[in-house]
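Values in this text are rule-based calculations from the coordinates and carry no lab data. What you are looking at is a predicted structure, and each value in this text was computed from that prediction instead of being measured. Glycine gets a Cβ as well: all are built from the backbone with ideal geometry, and neighbour counts include every protein chain shown.
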Amino acid sequence: MAKEVNNSVQNGKDKGEFMEDVDFASMLEESFKETDDEVTVEGVIVEIRDDIVLVDVGKKSEGRLYTSEITDKDGNLTFKTGDKIKVAVTGYRNEKPIVSHKKAIKKEKVKVFIENFNEEDSAPFHVKIIGKNRGGLIAESSDGVEFFIPRSHIAARDPQSLVGRSVKVSVLKIDKENESIIVSRKKPLDEERKKRKDIIQELIEKNEAIEGIVRKITTYGMFVDVGGVDGLVHYSEISYKGPVNPGALYKEGDKVLVKAINYDKDKKHLSLSIKDAQPDPWQEIEDQLEVKDVIQVTVSNIEPYGAFVDLGNDVEGFLHISEISWDKNIKHPKDYISEGEQINVEVVEIDLKARRLRVSLKNILPKPFEEFLKKHKVGDVVKGIVTTLTNFGTFIRIGNVEGLLHNEDASWDRSAKCKELFKEKDEVEVKIIKIDAEAEKISLSLKELQESPIQKYAKKHNSGDIVKGKILEIKDFGLFVELEDGVDALIRKEDFGNLNQSEFKIGDEIEAAIAFIDERKNRIRLSIRRLSKLKEREALNELNKDDDKMTLGDILKDQLK
């Protein structure tokens, strides 16, 4: 059985082709034709040898049957000497018949299949390709029925590649006379293609939601069966929230509503959408939500830069890290919120075109600066923590707000810098020297809590004292004089007396009288003019002591010598 098809079947046709008008009866006769003596008979086992079983089939000589044909999978014989056995005579060798028990069984199964076949109830079924000949392929069903697939109905460029594989076929022709069955792989494929085409066309044209079954889930989406056709739901087409992990929401076998959104005829790819099969929640957002509205949301995902919050209707909003707290030094959102937590937030932006919604948590929390103003005022002495050191000073946290301590307000030493005086997390006591409510800025001072060099100087000097110092700077309006380390004084131009500004040089020592010391404003004024007057008065006092009879004219004459 299953001999090669005669070359005459393909006479006049190209190799590799098998036209639809081939006479299946002629082809099958060549492929399955028995010899004149090839019949199925009932024989009797005469002798069982190691490899050969001798069977009496009513001929001059016993038929030869391979022992393996009557051995089960465990190696046990299923017949014994004297048993009757059905065999098919498949040929002769040296006038001795060659018989096959398995082939006889197959022929019986084919006969039963043909007897029970009902063309009206016939549906495609699966068979396994077990061999190939010039005319086509030999196939076998799971219950051992043998079929023939003509080359024109194989529907494969390389028929050999199908050997050993399971394929779906439909009955093409039943040959009761020769007890053979011709099947087609092409026929069910064509039917499936047509069915698929009709389903896809209907889905696209109707543009309606249809129930499908999740068949396979991948990292980029999931395949859904809609009426026997598989379409891909890309992960960006699952939720209005944006791309999601399909495996976190669905499992194979789940039923889902989908809508066909595209079909690529060249690639034969059907694209489906779950979100398009649902009402657009952004329409609800447009109709019911406004900026400044306070809504309750659930924290769905936290990232270092912020958190995504679920509004409960397949819409997600974004809560940026800067909108979580009034604390400007927030390190990570997880320090303030947790996934699954329900929180109230204020809507700060609705962009329907970009489908973007931004919310704020800090906007509904008490504003730290306003709380600060209720408790503090300029002049208060408070404790704070050093948070950030800069080249110009340091920021100090006082409760939930920060104030700035400039370098010049940190120490009476003009060369001192905050970076040299403090380190982060140091606790310091400072004085509030300015509050800018509009700009929400707080200026602090540390040196105002310390005794200034001028205050120390004032303990040893008084207004009217004659002092000496070194000229530091010469300005249009006067001179700056260094009296001691950290103690500077100003001589205004109008206090130069009879001296001219051109007579002064930086570094020169100069003598003057203290005009006044302002400890509160940390200022000292000197006067050369006052010094002259003081010296005149001292001279007059001395002369009066030495000679009470001397006239004023005499004293002035002596002074002018």
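The alpha-carbon of Lys259 sits under 20 angstrom from the alpha-carbons of these lysines, leaving out residues fewer than 8 places away in its chain: Lys195, Lys197, Lys206, Lys216, Lys241, Lys251, Lys267, Lys268, Lys275.
Summing Cβ point charges (Lys, Arg +1; Asp, Glu -1) relative to the Cα centre of the stretch 293-364 gives a dipole of roughly 240 debye.
What is the sum of charges around Phe113, taking Lys and Arg as +1, Asp and Glu as -1, for the other residues whose C-beta is under 14 Å from the C-beta of Phe113? Let's see the in-between values first.
Details: positive: Lys106, Lys107, Lys109, Lys111, Lys173, Lys176; negative: Glu108, Glu115, Glu119, Asp121, Glu140, Asp143, Glu146, Asp175, Glu179.
Local net charge: -3.
Across the stretch 235-243, rounded Karplus estimates of 3J(HN,Hα) from the backbone phi angles (6.51 cos²θ - 1.76 cosθ + 1.60, θ = phi - 60°) give 4, 7, 10, 8, 9, 6, 5, x, x Hz, Gly and Pro being marked x. Residue-wise HN-Hα couplings along the stretch 332-341, as the Karplus relation 6.51 cos²θ - 1.76 cosθ + 1.60 with θ = phi - 60° gives them from phi, are 8, x, 5, 6, 10, 9, 9, 5, x, 6 Hz; Gly and Pro carry x. A cut-off under 12 angstrom between Cβ atoms defines the neighbours of Ala123, and their net charge, with Lys, Arg +1 and Asp, Glu -1, is -2. Karplus-based coupling profile of the stretch 256-273, in residue order and whole Hz: 9, 8, 9, 9, 6, 10, 6, 9, 8, 5, 5, 8, 6, 10, 9, 9, 10, 9, with θ = phi - 60° in 6.51 cos²θ - 1.76 cosθ + 1.60 and x standing for Gly or Pro. Placing +1 on each Lys and Arg Cβ and -1 on each Asp and Glu Cβ, with no other charges, gives the stretch 68-206 a dipole about its Cα centre of roughly 560 debye. For the chain, what's the relative contact order in percent, using C-alpha pairs closer than 8 Å and at least 6 residues apart? Relative CO of the chain lands at 5 percent.
Once the piece of chain linking Ile364 and Ala439 is laid out straight, how much longer is it, given 0.36 nm per residue of separation minus the C-alpha distance between them?
Numbers: separation 75, 0.36 × 75 = 27.00 nm, distance 2.01 nm.
Separation in residues times 0.36 nm, less the Cα-Cα distance, equals 25.0 nm.
Please report, to one decimal in angstroms, the Kirkwood hydrodynamic radius of the chain built from all distinct Cα-Cα pairs.
Every distinct Cα pair counted, the radius reaches 36.2 Å.
Exposure proxy for Lys255, Lys441: other Cβ atoms within 10 Å of each Cβ, ordered fewest to most, give Lys255, Lys441.
Enumerate the amide H contacts of Ser180 below 5 Å, restricted to partners 5 or more residues apart or on another chain; note that Pro and chain-start residues carry no placed amide H. So Ser180 has HN proximity to Asp175. Placing +1 on each Lys and Arg Cβ and -1 on each Asp and Glu Cβ, with no other charges, gives the chain a dipole about its Cα centre of roughly 960 debye. Annotation note: GluC sites (Glu not before Pro) in the stretch 308-394 located in DSSP loop regions with a Cβ neighbour count of at most 10 within 10 Å are absent. Think of the chain as having a plus end and a minus end, set by charges on the Cβ of Lys, Arg, Asp and Glu; of Ile337, Phe147, His376, His376 sits farthest toward the positive end of this dipole.
Placing R0 at 25 angstrom, the Cβ-Cβ distance between His269 and Glu208 gives a FRET efficiency of 0.80 after rounding to 0.05.
Counting other beta carbons within 10 Å of each residue's own, what order do Lys173, Lys259, Lys187, Lys374 fall into, fewest first? Could the numbers behind the result be given before it?
Numbers: Lys173 14, Lys259 23, Lys187 17, Lys374 7.
Listing Lys173, Lys259, Lys187, Lys374 from fewest to most nearby Cβ atoms yields Lys374, Lys173, Lys187, Lys259.
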